[in-house]
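Just below is one structure, and these are the notes that go with it.
Bear in mind these aren't lab numbers, they're just calculated from the coordinates by the rules spelled out. As the structure is a prediction and not an experimental result, all values here were calculated from the model. Neighbour counts run over all protein chains shown; Cβ positions are idealised from the backbone, glycine included.
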């Protein structure tokens, strides 16, 4: 269902304030549900505003800005922390992938990197094997 425009919300509340009918009559007049009229009036009394609050809907974030700051601090001190250790250090109740996604969003990767170039590898055998199969005899 689409969100009601601010103009329509204002007309509904204005009609109610002017006493142009009951809530049920106003709902029928503006072709909205009675529940919508009730919610608008309730929202106005609680917040003083009748704007859409759709942006506030949905699941709230578990890992907030304070946690992100703490993550950077912990990882600066110990860059090889596991996700489980980081979750425990932060004291948040969330999944390990949630921490991974936040770290990725922050631009921090979890991939281990060498701090020095790899050492040269030496030969593992002294001589090369002969071409073909040496075990077969004709």
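Neighbour counts of C-beta atoms inside 10 Å place 67, 100 in the sequence 100, 67, starting with the fewest. Against the compact-protein benchmark of 2.2 N^0.38 Å, the Cα-based radius of gyration of segment 65-105 scales to 1.00.
Just so you know, the Rg over Rh for segment 6-55 is 0.94, from Cα atoms, with Rh as the Kirkwood radius.
The fewest-to-most ranking of 50, 12 by surrounding Cβ atoms within 10 Å reads 50, 12. Applying 1/(1 + (r/R0)^6) with r as the Cβ-Cβ distance of residue 55 and residue 81 and R0 = 22 angstrom yields a FRET efficiency of 0.05. Once the chain from residue 22 to residue 46 is taken as fully extended at 0.36 nm per residue, the excess over their C-alpha distance is 6.6 nm.
At full extension, residue 94 and residue 70 could sit 7.1 nm farther apart than now, given 0.36 nm per residue minus the alpha carbon distance. Distance between the modelled labels on residue 3 and residue 101, one decimal in nanometres: 2.2 nm (7 Å Cα→Cβ projection).
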